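The structure under discussion appears below in the form of structure tokens.
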Amino acid sequence: MENEGTEGRPKGELERNLGEQPIAALLAKHNFKSADLVTASSMQLTHKMVSRACRGRRLTSKTRLKVHQAINALVDTPLSMKDLFNYK
């Protein structure tokens, strides 16, 4: 179709599945589970949010902030958003 971009989605629509994100490797490296992030979060973070972050679903900026805050509560060295996600 003329109005379709790559992979059959309409032109201008953002890709939602971005592949495994660096946060998944960080969680594995530190032997953290999604439950550890949910418990460490002072915000309302759910297991589903963490799972979607690791799988590479495009998250809202608020959800990325919640995940970022939770993982920084668990690790010794503060991490940036670029350390967790490879998209903007």
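The values are calculated or read from the model by the stated rules, or taken from the named source; none is laboratory data. What you see is a predicted model; the values in this text were computed from it and never measured. Cβ: placed from backbone, ideal geometry, glycine included. Neighbour counts: every protein chain shown.
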Query raised in the report: Taking segment 64-88, which residues are part of a helix (DSSP H, G or I) and within 8 Å of the chain's Cα centre (by Cα)?
Result: 64, 67, 84
**Report entry** Odd one out for residue 52 among (1) modelled with pLDDT under 95; (2) touching a helix residue (DSSP H, G or I) at 6+ places or on another chain (Cβ under 7 Å)
**Finding:** (2)
**Report entry** Only one of 26, 74 that is farther than 21 Å from residue 87 by Cβ, surrounded by 15 or more Cβ atoms within 10 Å (Cβ to Cβ) and at pLDDT below 95
**Finding:** 74
Report summary line: The correct count of residues that are surrounded by 15 or more Cβ atoms within 10 Å (Cβ to Cβ) and under 16 Å from residue 85 (Cα atoms) in segment 38-62 is 9
Requested in this report: Filter segment 6-23 for residues that are surrounded by 12 or more Cβ atoms within 10 Å (Cβ to Cβ) and either at pLDDT 90 or above or not basic (Lys, Arg) (or both) and give the result.
Outcome: 15, 18, 21, 22, 23
